Amino acid sequence: MFNPHGYYSYREVCELTTLSRPTIYRLRKKNLFPDPDPLTGRRVGWPIPVIHRWLAARSRREPVAKEARLLGSIKVPKKIVRPRRAKALNKKTGPLSPT
């Protein structure tokens, strides 16, 4: 049964958000992800409504590419660069001619 007053563990947050632990850490460091509440001396948890609000807000935002570029974790090209055509070695016969 769904408990709206409970907490999600780190593993559950990773599964729900499809983010890895290091990515969540980087997002928290840049204040782009909510901080967890301490539950015991070594255990933390995120309140269930907080994660659901974060997921809802994220789904309304623009694509992840901008955020990834801000984090620096993923290199997203700003402009599509097309490779140049190879120049023919011999203009008369072309690049695939036998030598």
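The values are calculated or read from the model by the stated rules, or taken from the named source; none is laboratory data. All figures in this text were calculated on a predicted structure; none of them were measured in a lab. A quick note on method: Cβ atoms are made from the backbone with ideal geometry, for glycine too, and the neighbour counts reach across all protein chains shown.
Values for this structure:
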| read-out | value |
| --- | --- |
| Search result, residues across the range 1-53 that are of a type in the set (Asp, Glu) and touching a strand residue (DSSP E or B) at 6+ places or on another chain (Cβ under 7 Å) | 37 |
| Residue match in the range 36-51 (condition: touching a helix residue (DSSP H, G or I) at 6+ places or on another chain (Cβ under 7 Å) and modelled with pLDDT under 90) | no |
| Residue tally, condition aromatic (Phe, Trp, Tyr) and at positive phi, over the range 1-52 | 0 |
| Residues (in a helix (DSSP H, G or I) and hydrophobic (A, V, I, L, M, F, W, C)) located in the range 15-35 | 16, 24, 27 |
